[in-house]
Amino acid sequence: MHFLCVRCPLKREIGPHWYSARLQNFLPVIKESASQTRDVLKQHFNDLKGTLGKLLDERLVTLLQEVDTIEQETIKPLDDCQKLIEHGVNTAADLVQEGEIAILGGVGEQNEKLWSFTKKASHIQLDSLPEVPLLVDVPCLSAQLDDSILNIVKDHIFKHGTVASRPPVQIEELIEKPGGIIVRWCKVDDDFTAQDYRLQFRKCTSSHFEDVYVGSETEFIVLHIDPNVDYQFRVCARGDGRQEWSPWSVPQIGHSTLVPHEWTAGFEGYSLSSRRNIALRNDAESSGVLYSSAPTYFCGQTLTFRVETVGQPDRRDSIGVCAEKQNGYDSLQRDQAVCISTNGAVFVNGKEMTNQLPAVTSGSTVTFDIEAVTLGSSNNNEGGNIKLRVTISSNNREVVFDWLLDQSCGSLYFGCSFFYPGWKVLVF
């Protein structure tokens, strides 16, 4: 028996009970996948039988119509010829009878009838008959059927479909995020060359999986995840140059205990999505920085901003985090905040750093990773009560620096500010 080692973001003490529970978890997977495979096979072959029967019926109708057409086209001239001959014979018989009557009549009556008989006879072409088709031109219908098609179809049917029990890819890791789960997968078959991957998920209470990603990457963050709700994930792959997908991986269950990040609703100048994790700078006049609804970012986590669309950049634009909300500022380029401008400039407590990141463009992802370096009062903190190590990454580049705060705070706010409309930012 082959076992897959799936890393988990939470550390556990591994013992006999863990292995027993692990084995017990495998049994439902085997039974459920076997039941689903039976249902898929039955449905597929029923559909195939119906389709083949329909195609055979359509072909039979076409051939019967062809027989009817040939029969009608070849019989009609012969029927016309037969009718013409019968008409000529009947006309000749009538004329003979009229001649016999004329001969038997009186002299005066006989002359008149003979004159009428002679006149009619001169207008009737008794020696003119329609051309009879040659024997080689007379069709004789028959059905030409190739019995070898049965062997061909039989060979294809016997080779159609396979039952696979070893998927070439398996889910390797599930990492919780605020309002999302990062799913990572890997190949477990070294001989399999993957062209694309397909990731699906569903709530454990649902019976239907839905596609969430198709592509060549081996990692994807599934958003719109409700906190403390179990979800199932599975992945499959498509081989290089192939059209069909591989068998599904063993489903893995994951959930997020982290509260989703949300922007503050009702802030003038910004329109929010239904889940309040996407902010769009609209045409209305803005009154400052759009903050998060609560301080939901904690040190040790990764805060990610993904720029969906861009507007006109301004050096005063900002995306970042801060210790507290402060009204009256039009940017996060202020004290007690760190941020990046849309031109790539990095600001720490209102001061621009020498190091700069690439300018923010559509599709750019900006991440903040913050860790506490020193807690409490210290003579080496330059008067600060807390020193945080901040890493800002964007477009495959990063800057690392220490951020000094006046006082300790358990969590941080995030925010953004744009002076021109068109900017749309997703946070997770």
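The values are calculated or read from the model by the stated rules, or taken from the named source; none is laboratory data. Owing to the predicted nature of the structure, the values given are computational and were not obtained by experimental measurement. Neighbour counts are summed over all protein chains in view; Cβ atoms, including those assigned to glycine, are modelled from backbone coordinates with ideal geometry. These accessible areas exclude ligands, DNA and RNA; they are computed on the full protein's heavy atoms, side chains included. Shrake-Rupley method; radii C 1.70, N 1.55, O 1.52, S 1.80 Å.
Give the residue that is nearest to the chain's Cα centre (by Cα), with candidates limited to residues of segment 186-210 that are assigned to a loop (DSSP other than H, G, I, E, B) and of a type in the set (A, V, I, L, M, F, W, C).
Taking segment 186-210 and keeping what is assigned to a loop (DSSP other than H, G, I, E, B), we get 188-193, 204-209.
Checking the rest, the ones that are also of a type in the set (A, V, I, L, M, F, W, C) come to 188, 192, 204, 209.
Values: Val188: 25, Phe192: 23, Cys204: 21, Phe209: 12 Å.
Here the residue is Phe209.
Confirm whether Gln336 is open to solvent by 30 Å² or more (accessible area, probe 1.4 Å) and polar (S, T, N, Q).
no
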Strands (runs of 3 or more DSSP E) (entirely within segment 285-351) containing at least 2 residues that are within 26 Å of Leu223 (Cβ to Cβ) and out of contact with any helix residue (DSSP H, G or I) (no Cβ under 7 Å at 6 or more places or on another chain)
302-309, 318-322, 337-340
Pairs returned, first residue in segment 224-240 that is closer than 20 Å to Ser165 by Cα and free of Cβ contacts under 8 Å to residues at least 40 places away in the same chain, second residue that is of a type in the set (Val, Ile, Thr) and open to solvent by 40 Å² or more (accessible area, probe 1.4 Å), beta-carbon separation under 6 angstrom, 6 or more apart or interchain, are Gln232/Ile253
Look through segment 111-138, keep the residues that are over 15 Å from Ile101 (Cβ atoms) and among the small types (Gly, Ala, Ser), and return whichever of them is modelled with the highest pLDDT.
Ser122
For Ala279, all conditions in the list (1) within 30 Å of Phe209 (Cβ to Cβ); (2) open to solvent by less than 40 Å² (accessible area, probe 1.4 Å); (3) within 30 Å of the chain's Cα centre (by Cα) hold save one; what is the number of the exception?
(1)
Condition (residue is farther than 30 Å from Pro260 by Cα, in a loop (DSSP other than H, G, I, E, B), modelled with pLDDT of 90 or more and among the hydroxyl-bearing types (Ser, Thr, Tyr)) applied to segment 160-173: is it met by at least one residue?
no
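Here's the yes/no breakdown for (1) of a type in the set (Gly, Ala, Ser); (2) open to solvent by 20 Å² or more (accessible area, probe 1.4 Å); (3) modelled with pLDDT under 95:
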residue	(1), (2), (3)
Glu308	no, yes, no
Glu324	no, yes, yes
Phe347	no, no, no
Val366	no, no, no
Gly376	yes, yes, yes
Glu398	no, yes, no
Evaluate segment 255-262: report whether one residue or more is farther than 27 Å from Phe414 by Cα and in contact with a strand residue (DSSP E or B) (Cβ under 7 Å, 6 or more places away or on another chain).
no
Going through segment 136-156 one residue at a time, which ones are in a helix (DSSP H, G or I) and either closer than 16 Å to Leu63 by Cβ or among the hydroxyl-bearing types (Ser, Thr, Tyr) (or both)?
Ser148, Ile149
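What tally of residues in segment 32-55 results from selecting those that are at pLDDT below 90 and farther than 19 Å from His208 by Cβ?
Residues that pass the stated criteria total 1.
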Here is a list: Val169, Val188, Val222. Which entry is open to solvent by 30 Å² or more (accessible area, probe 1.4 Å) and of a type outside the set (D, E, K, R)?
Val188
